[in-house]
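The values are calculated or read from the model by the stated rules, or taken from the named source; none is laboratory data. Only a predicted model underlies this, so the values are computations on that prediction, with no experimental measurement involved. Don't worry about glycine lacking a Cβ; one is built from the backbone with ideal geometry, like all the others, and counts go over all protein chains shown. To get the accessible areas, we keep the full protein, side chains included, count just its heavy atoms, and leave off ligands, DNA and RNA. Shrake-Rupley method; radii C 1.70, N 1.55, O 1.52, S 1.80 Å.
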Amino acid sequence: MSLSTDDARHRDKMIKRKAAQDAEVASKTIEKGLLIVHTGKGKGKSTAAFGLMLRALGHGWPVGVVQFIKGAWSTGERKALEAFGDQVRWYSMGEGFTWETQDKERDIAAATRAWAKARELMDDPAIRLVVLDELNIALRYDYLPLNEVVEALSARRPDLHVIVTGRNAKPELIAAADLVTEMTPVKHHFEAGVRAQEGIEF
């Protein structure tokens, strides 16, 4: 079989594939704010959310972040995003992971304050995208009323995109979401004794 025959078959296959792909894309006509959930045991849930946020910032969107569990840690993503000035509204309102605080009432109070801030950002018509980092953890430990949170996220204004991160997303949240991605661990350097490192984990 000559190379030219191979090339012709490949071209014909790609022409058909392009036609099918173009028809599929043309059939999608809805534009709306999305509820996006990043969950699973694998690394990269918050990282993916901040990647989407960077994309939004590149288009000039004002964005907001509320961190439900993480406290005022000095992270690379926060330092980098500070360069966008008032285009980013960032609130780290957690007090650390539950095994660190060891005080459920304190954790509930922190989550309640963070949820109030999240509602404030969601209600601000200037904000186009909100990241609710580790909200899934707050819901997992019943720091917030699940039904109230899902109802508020579902009733958000039509043009607002919201990204929720954290392990163990509740089935009710998954059902309400438009896009759900589960990060699945295959291999992790931590298991080989490698510590969390600047620029990679924070």
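Tabulated data
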item: Residues located in region 183-200, provided they are surrounded by 10 or more Cβ atoms within 10 Å (Cβ to Cβ) and either touching a helix residue (DSSP H, G or I) at 6+ places or on another chain (Cβ under 7 Å) or touching a residue at least 60 places away in the same chain (Cβ under 8 Å) (or both); result: Met183, Pro185, His188
item: Matching option when the condition is charged (D, E, K, R), part of a loop (DSSP other than H, G, I, E, B) and within 18 Å of the chain's Cα centre (by Cα), among Arg156, Arg195; result: Arg156
item: Meets criteria (out of contact with any Cys (no Cβ under 9 Å at 6 or more places or on another chain), within 20 Å of Ala48 (Cβ to Cβ) and outside any loop (DSSP other than H, G, I, E, B)) for Val186; result: no
item: Residue check, Leu135 out of contact with any Asp or Glu (no Cβ under 6 Å at 6 or more places or on another chain), surrounded by 14 or more Cβ atoms within 10 Å (Cβ to Cβ), under 25 Å from Val63 (Cα atoms) and touching a residue at least 40 places away in the same chain (Cβ under 8 Å); result: yes
item: Filter result (assigned to a helix (DSSP H, G or I) and either at pLDDT 65 or above or open to solvent by less than 90 Å² (accessible area, probe 1.4 Å) (or both)) within region 84-105; result: Phe84, Gly85, Asp86, Gln87, Thr98, Thr101, Lys104, Glu105
item: Residues located in region 138-168, provided they are open to solvent by 40 Å² or more (accessible area, probe 1.4 Å), touching a Ser or Thr at 6+ places or on another chain (Cβ under 8 Å) and on the phi > 0 side of the Ramachandran plot; result: Asn168
item: Any chance Leu81 is open to solvent by 10 Å² or more (accessible area, probe 1.4 Å), in a helix (DSSP H, G or I) and touching a residue at least 60 places away in the same chain (Cβ under 8 Å); result: no
item: Meets criteria (under 19 Å from Gly42 (Cα atoms) and surrounded by 14 or more Cβ atoms within 10 Å (Cβ to Cβ)) for Val180; result: yes
item: Residues located in region 19-43, provided they are touching a residue at least 40 places away in the same chain (Cβ under 8 Å) and either open to solvent by 20 Å² or more (accessible area, probe 1.4 Å) or of a type in the set (A, V, I, L, M, F, W, C) (or both); result: Lys32, Leu34, Leu35, Ile36, Val37, Lys41, Lys43
item: Number of the exception - Trp61 against (1) open to solvent by less than 50 Å² (accessible area, probe 1.4 Å); (2) at pLDDT 95 or above; (3) not in a helix (DSSP H, G or I); result: (1)
